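As structure tokens, the structure follows; a few thoughts come after it.
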């Protein structure tokens, strides 16, 4: 697949994360999903950043 991540511009290996307007790699997709989940849950920007980090660590552990 020759697609590149719209956020970090790295080549996407595997299945990309598709948003309404972007195509993201797994790492950037985890950041986006974590932040989006916190904001949808009524959180603040700080909570969104914290949830983003938590979600990234969770996905990384899951892959190991």
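Every number here is computed from the coordinates shown, using simple stated rules; none is lab data. For clarity, every value in this text was computed on a predicted model and none was experimentally measured. All Cβ positions, even for glycine, are placed from backbone atoms using ideal geometry, and neighbour counts span all protein chains on display.
At-a-glance table
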{"item": "Residues satisfying the stated conditions in the range 11-36, i.e. closer than 17 Å to residue 48 by Cα and either touching a strand residue (DSSP E or B) at 6+ places or on another chain (Cβ under 9 Å) or surrounded by fewer than 18 Cβ atoms within 10 Å (Cβ to Cβ) (or both)", "result": "27, 28, 29, 30, 31, 32, 33, 36"}
{"item": "In the range 37-64, residue surrounded by the fewest Cβ atoms within 10 Å (Cβ to Cβ) [restricted to those that are assigned to a loop (DSSP other than H, G, I, E, B) and on the phi < 0 side of the Ramachandran plot]", "result": "64"}
